[in-house]
1. Taking every pair of distinct Cα atoms and averaging 1/r, then inverting, what Kirkwood hydrodynamic radius in Å comes out for the protein assembly as shown?
2. Relative contact order of chain B, please, whole-number percent, based on alpha carbon pairs below 8 angstrom and at least 6 residues apart.
3. Exceeding 26 Å between C-alpha atoms, which entries from my cross-link table qualify? They are A:13/B:113; B:52/B:101; B:56/B:101; A:26/B:68; B:49/B:77.
4. Enumerate the aspartates and glutamates that residue B:60 could reach by cross-link, defined here as Cα to Cα under 20 Å, with residues fewer than 8 away along the same chain left out.
5. Wrap a convex hull around the Cα atoms of chain B, take a quarter of its surface area, and give that in square nanometres.
6. Treat the count of other C-beta atoms within 10 Å as a stand-in for reagent exposure and order B:104, A:64, B:89, A:96 from fewest to most.
7. On average, how many beta carbons from a partner chain sit within 10 Å of the beta carbon of a residue in A:32-41?
8. Could you tell me which residue out of B:94, A:42, A:81 lies farthest along the dipole of the protein assembly as shown toward its positive end? Charges go on the beta carbon: Lys and Arg +1, Asp and Glu -1, centred on the Cα centre.
Amino acid sequence: DAGVTQSPTHLIKTRGQQVTLRCSPKSGHDTVSWYQQALGQGPQFIFQYYEEEERQRGNFPDRFSGHQFPNYSSELNVNALLLGDSALYLCASSLFRGRATEAFFGQGTRLTVV
Amino acid sequence: GDSVTQMEGPVTLSEEAFLTINCTYTATGYPSLFWYVQYPGEGLQLLLKATKADDKGSNKGFEATYRKETTSFHLEKGSVQVSDSAVYFCALRLGSGNTGKLIFGQGTTLQVKP
C-alpha cells in the first residue's frame, strides 16, 4: 500500500503564474482534503472532495480550486500566484462512510513563489 | 470560532526526561481530538486520538486525556528519546463522521538531546 502520494515534491513558480498539484489517495479511500501549511504554522484547511464534488471549503479565495477524478485522485489548482502562497501543501485521504478511519496525510508539495 | 492553542516551543529536553505539551481548544459542539507528529521533511502522522470526554488516547508511549471541563488535551510521555524530536500538532474535528475538517494548533517543536 503506497499510502497517500503527492506530486511534485517541490516546485518553484513566479508571481502571477498558475500551478497544479496532484494527490493520489490511500487505497480504499474515497475522500480527499487539501491543507496549506505556511512555515512555522499549523495546516489550514482549504477544501474537501468526495464523489467529484467540493463538499467543504475553508477560508481561501477563489484562486484556489480543485478537482476530483473518478479514480478518487485529486488536483489542487492555484491561479495568479502570490508570494504568500508559498507553503507546504498537504493532501489527506479518508473514507467518507463506514467504519471510522482517520485521515492519512501525504508528504506534501513544497511550493515556493518568487 | 473553533480553535486550538498549543504551548509555544521549542521544547528542549534531555533524553529520558518527562514531556508535557499543553493543548487547549475552543469548539462549538463535541469535537474529536488528535495529536499529529511531523518529522523533518515529512507529512503528518496521526499519533493518537480521543473521541469523547475522559477518553485517553495512547500510542508509542505517548498519552493524552480528553478533559471537557478544562477543554484540554495535553500530550505526555514519561521518557523521551532523541527519535521523538519532531513538531507536534494538536487538532480537533467537529461532527461524528470521518470527514470533517481538521483544525490545527500552531505546532510545538520538541528537541531531545542525548
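What follows is calculated from the coordinates using simple rules that are stated; it is not laboratory data. What you see is a predicted model, and the numbers here were worked out from it, not measured in a lab. Because the Cβ atoms are built from the backbone with ideal geometry, glycine has one as well, and the counts that use them run over all protein chains shown.
1. Taking the inverse mean of 1/r over all distinct Cα pairs, the protein assembly as shown comes out at 18.1 Å.
2. Reported relative contact order: 36 percent.
3. A:13/B:113; A:26/B:68
4. Straight-distance partners of residue B:60: A:102, B:15, B:16, B:42, B:76, B:84.
5. 6.8
6. Going from least to most buried by this count: A:96, A:64, B:104, B:89.
7. The per-residue average across the peptide is 3.
8. A:81
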